[in-house]
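The block underneath contains the structure these notes are about, expressed in structure tokens.
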Amino acid sequence: MLLTREQAFKLLNQYVTAEHLLKHSIAVEIAMRAYAQHFQRDVEYWGQVGLLHDIDYQLYPSEHLRHTQALLEPAGFSRQFITDIVSHNRNWLEPRSLIQKVLLSVDEITGFIIACVLVRPDKSIANLEVKSVLKKFKDKAFAKAVNRENIKQSVDELGIPLEEHIQFIIEAFRENSAVTNYKNINLFI
């Protein structure tokens, strides 16, 4: 069972109140919806996987993903939905499905792209170019907490060149400007 987007966002807000985590969840949702459309998959399902993928992080940062099932099962989410979310654990041992590969590949890079926007004078995604993101990607002092190797590995697992993946996400952010200012949460402020 899926909730409406409004219901899923309300559920997320029960457990996530930190604005930066809400922004991250929305960014991942946007990328997941875009990839679902690209791969001709269920956009609502993929979007909700993205939106809710870190639902337990604020409450249990050192036990992230160990409480996902307990938070989502009462809302009626299926075992498969929960597995699709939990699979973005870097230590996942089973082969990942397409949705699971996409979730892993967009998780960190969405935040990195937003960081690239935020250091631009105009703070706009409109003119952000892939080469600018790649330049920042090589600069280890920029967004130091972002593990570049994890990003490279997850994009390699997805089978898309990093440059194309970055361009795809930039376009998704541009095309979803209505979502990027959802409930007074603007990704680029």
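Based on the reciprocal of the average 1/r between different C-alpha atoms, the Kirkwood radius for the chain equals 16.7 Å.
Just the protein heavy atoms count here, and of the accessible area of the chain at 1.4 Å, carbon and sulfur take up 51 percent. Taking 7 Å steps out from each Cα toward its Cβ at GLU175 and GLU6 produces label points 2.6 nm apart. Past 22 Å, Cα to Cα: identify those pairs from LYS23/LYS138; LYS101/LYS140; LYS123/LYS144; LYS10/LYS123, in the order given. The pairs that break the limit, which is 22 Å between Cα atoms, are LYS23/LYS138; LYS101/LYS140; LYS10/LYS123.
Converting phi to 3J(HN,Hα) with the Karplus coefficients 6.51, -1.76 and 1.60 and the offset θ = phi - 60°, segment 14-31 yields 5, 10, 10, 10, 5, 4, 5, 6, 5, 4, 4, 4, 5, 4, 5, 4, 4, 5 Hz in sequence order, with x at every glycine or proline. Assign one of three labels to segment 20-117, namely rounded, prolate or oblate, based on the Cα gyration tensor with a ≥ b ≥ c the square roots of its eigenvalues; rounded applies when a/c is under 1.5, prolate when it is not and a/b is larger than b/c, and oblate otherwise. It is rounded, given that a/c, with a ≥ b ≥ c, falls under 1.5. Please identify, among SER105, SER78, SER62, the residue showing maximal mean-square fluctuation in a Gaussian network model of the chain using a 10 angstrom Cα cutoff. Evaluated over the chain, the most mobile residue of the options is SER62. Springs join every pair of Cα atoms under 10 Å in this Gaussian network model of the chain, and among PHE142, PHE112, PHE81 the largest mean-square fluctuation is at PHE142. By definition, a body whose alpha carbon gyration tensor gives a ≥ b ≥ c is prolate when a/c is 1.5 or more and a/b is larger than b/c, and segment 15-55 fits this prolate description. Seen from SER154, the other residues with C-beta closer than 12 Å to its C-beta sum to a net charge of 0, counting Lys and Arg as +1 and Asp and Glu as -1.
Accessible surface area normalised per residue over the chain is 50 Å², counting heavy atoms of protein chains with a 1.4 Å rolling probe. For the options ALA70, ALA31, ALA141, a Gaussian network treatment of the chain with springs between C-alpha atoms closer than 10 Å singles out ALA141 as fluctuating the most.
Put a dot 7 Å past the Cα of ASN13, heading toward its Cβ, do the same for ASP139, and the two dots end up 3.6 nm apart. Placing a label point 7 Å from the Cα of ALA75 along the Cα-to-Cβ direction, the residues of segment 99-143 with a backbone N closer than 19 Å are 100, 103-104, 107. Label sites at GLU63 and ARG41, each approximated as a point 7 angstrom past Cα along Cα to Cβ, lie 2.9 nm apart.
Among residues other than PHE81 with Cβ under 13 Å from its Cβ, the summed charge is -3 (Lys and Arg +1, Asp and Glu -1).
The values are calculated or read from the model by the stated rules, or taken from the named source; none is laboratory data. Owing to the predicted nature of the structure, the values given are computational and were not obtained by experimental measurement. Note: ideal-geometry Cβ built from the backbone for every residue, glycine included; neighbour counts use all protein chains shown. Ligands, DNA and RNA are excluded from the accessible area calculation, which covers all protein heavy atoms including side chains. Shrake-Rupley method; radii C 1.70, N 1.55, O 1.52, S 1.80 Å.
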